[in-house]
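Please treat every number below as a calculation from the coordinates, not as lab data. No experiment lies behind these values; they were computed from the predicted model shown. Reconstructed Cβ throughout: ideal geometry from the backbone, glycine too, with neighbour counts over all protein chains shown.
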There are 2 protein chains.
Amino acid sequence: MTSERIGILHPGEMGAFLAASALKSGHHVYWASEGRSANTQHRAAKLGLVDAETVAHLCAECSFLVSICPPHAAEAVANQVAAAGFTGLYLDANAISPQRAVRMSQAMTPAGITFVDGGIIGGVTQEPGRTTLYLSGPRVDEVAACFSAGALMTRVLGTTVGQASAVKMCFSAYNKGSVALLAAILGTAESLGVRHELYRLWRRDEADFPDQVAARVCRSAPRAWRYSGEMEEIATTFREAGIPGDFHTAAAVIYRRLAPFKGSTEVTLEQVLAALLAPDAETDTGSTI
Amino acid sequence: MTSERIGILHPGEMGAFLAASALKSGHHVYWASEGRSANTQHRAAKLGLVDAETVAHLCAECSFLVSICPPHAAEAVANQVAAAGFTGLYLDANAISPQRAVRMSQAMTPAGITFVDGGIIGGVTQEPGRTTLYLSGPRVDEVAACFSAGALMTRVLGTTVGQASAVKMCFSAYNKGSVALLAAILGTAESLGVRHELYRLWRRDEADFPDQVAARVCRSAPRAWRYSGEMEEIATTFREAGIPGDFHTAAAVIYRRLAPFKGSTEVTLEQVLAALLAPDAETDTGSTI
């Protein structure tokens, strides 16, 4: 196996996890420090990534680029790479709709870029088998081979761009969508003064269901800031497939209201309910109620 | 205990279940046949309900009326009763928003009607403890006493109109809302060609989850025609409580697409997916996609 020069755009927590897997698989991993935060700087230094400084240098240096960023930034990152004249292998590993992945592929391919669709299911972990990078598109086995060591697993879904993103969207649609629905129900029940009566009913069917619900909702709060964009992508995915997208439009509003918990280590249900029922005007932009 | 004269508007399946409980509790139960279907006629005759023929006669004959009808008809039934000059006890046992129950109470009280809020959780059953009539409002113990025998349980939530409906809405919000969400996900995954890959992921966490999901979705299809109105009421409940209502706006669309399965005894997942992805234009009115 030849050693590839792989550029990571950008080594956030998940980006650093992919970088670590590529390093363990015997590749050289680069990043571009320009405009990045001190946290990102710190993560890149700790891993020993090579700093190409600018995205333009990264594009010149590497034959394979990996985009791992919030969903709303995915196209801007791709445009920056295309504008720099990159003509190698490009993996978009973001939580975007499959239809958006197809459009990005259609825009990048004429510029000589080989677009591969990716979707990550699971979180940053040291435990093998917990987190999988789904892949679909051209030269997909080559991409999978770059992440053959470390805790990250890969799963190849064939050569059609969009399949990896479709799996990611459909899995998150329930995983994160049902938590948002439960949060919305708790907020409504609290507002109407029937939360404990609802718990009583839930307990009849499953004794610890109220506790499970509270735990799931509270656990989601510190990560809610990055879920809202993903919910918007799921809403788009559903609509373009001919299914109502409003479940996840509502889920996006719920997660936006919980966005202020970013960085919190312990969140109580009372705090969550307060944020749901009296959201900051600022975090509630785009509200559909 | 005195024997009351109770009128049921109208003895559909659930109405007949309430009527049976009232009869068993030692009361006289009336209905009004004018404009009702042959099925309703049959149910009333089988139970031995007394036919007052018209709603006006029913209002004159009875001191206690029970409204049990689809949510969108609840206010029309109440208006008909008020227009007939009824001045007794009125139980609305329908799946309506608590805010609507409060508005109905505010409209009926000045006309001398005692409005009691009700919500039924569970289905028609012979097994005691499976189905409960939640009650809140004035003279609520008197209402509960009318249903003291038979399989139907009652639970009194105090004297505030809206509490019973609030519990019903919040419970259905997850019970029926999550099934609609799962149906939407299956439809999207099928449309994108990743349903079996999604099943594979779901199985990793819980071996029989895909089978459970398919069973829940298929079981809901024959009843979907009467769920869509309830979903709209839940959406209103959420919005008026300051929480996004779009989860259930989408759920209403899903159930409208499944409405053609009314009366079906066995529905396959393939049939459900086809109905979700190629809905009849007629059943899809009010679609939000």
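Taking a point 7 angstrom from the Cα of B:THR54 along the C-beta vector, which residues in region B:30-45 have backbone N less than 19 Å away? The answer is B:30-37.
Computed over region B:26-104, the Cα gyration tensor eigenvalues convert (square root of 5λ each) into semi-axes of 21, 15, 12 Å, ordered from largest to smallest. Assuming a ≥ b ≥ c are the square roots of the Cα gyration tensor eigenvalues, decide whether region B:113-173 counts as rounded (a/c under 1.5), prolate (otherwise, with a/b larger than b/c) or oblate. Since a/c reaches 1.5 but b/c is at least a/b, the shape of region B:113-173 is classed as oblate. The value given for region A:166-277 is a Kirkwood hydrodynamic radius of 14.4 Å, derived from the mean inverse Cα-Cα separation. Put a dot 7 Å past the Cα of A:ALA76, heading toward its Cβ, do the same for B:ASP211, and the two dots end up 4.8 nm apart. A Förster radius of 30 Å, combined with the Cβ-Cβ distance separating A:LYS46 from B:HIS196, puts the computed FRET efficiency at roughly 0.15.
With no solvent and one equal point scatterer per Cα, compute the Debye intensity ratio I(q)/I(0) for the protein assembly as shown at 0.05, 0.11 Å⁻¹ and report its log10, rounded to two decimals. Once normalised to I(0) and log-transformed, intensities are -0.27, -0.98. Helix-only arithmetic for the protein assembly as shown: the sum of -39500 (n - 2.57) across DSSP H runs with n ≥ 4, divided by the residue total, places the mean residue ellipticity at 222 nm at -16000 deg cm²/dmol.
Within a 10 angstrom radius of each residue's Cβ in B:167-177, how many Cβ atoms of other chains show up on average? Whole number is fine.
Mean shielding count: 6.
What fraction of the Cα pairs in region B:74-165, stated in percent, has a spacing above 22 angstrom? More than 22 Å apart: 25 percent of the Cα pairs in region B:74-165. Counting only other chain Cβ atoms within 10 Å of each residue's Cβ, the peptide B:150-161 averages 1.
Taking 22 Å as the straight-line reach from the Cα of A:LYS168, the lysines in range (excluding those fewer than 8 positions away in the same chain) are A:LYS176. Just checking the listed ones, A:LEU192, A:LEU277, A:LEU47: in the Gaussian network model of chain A with Cα springs under 10 Å, the one fluctuating most is A:LEU192. Normalising the average separation of contacting C-alpha pairs (under 8 angstrom, six or more residues apart) by the number of residues puts the relative contact order of region B:5-160 at 21 percent. The HN-Hα couplings worked out from phi for region B:56-70 by the Karplus form 6.51 cos²θ - 1.76 cosθ + 1.60 (θ = phi - 60°) are 4, 5, 4, 5, 6, 7, 9, 9, 9, 10, 10, 9, 9, 7, x Hz, whole numbers, x standing for Gly and Pro. Exposure proxy shown here: for B:ASP92, A:ASP211, A:ASP246, the number of other Cβ atoms within 10 Å sets the order, fewest to most, as A:ASP211, A:ASP246, B:ASP92.
Using all C-alpha to C-alpha distances in chain A, build P(r) with 10 Å bins and read off the rounded percent in each one. Here the calculated profile for chain A is 7, 27, 32, 22, 10, 3, 0.
For the segment A:192-203, counting C-beta atoms of other chains within 10 Å of every residue's C-beta and taking the mean gives 6. Looking at region B:173-236, the GluC sites (Glu not before Pro) that sit in a DSSP loop and have at most 14 other Cβ atoms within 10 Å of their own Cβ are B:GLU206. Contact order for chain A, expressed relative to its length and based on alpha carbon pairs under 8 Å spaced 6+ residues apart, stands at 14 percent. Taking the square roots of five times each eigenvalue of the Cα gyration tensor of region B:5-160, the equivalent ellipsoid has semi-axes of 20, 19, 14 Å, listed largest first.
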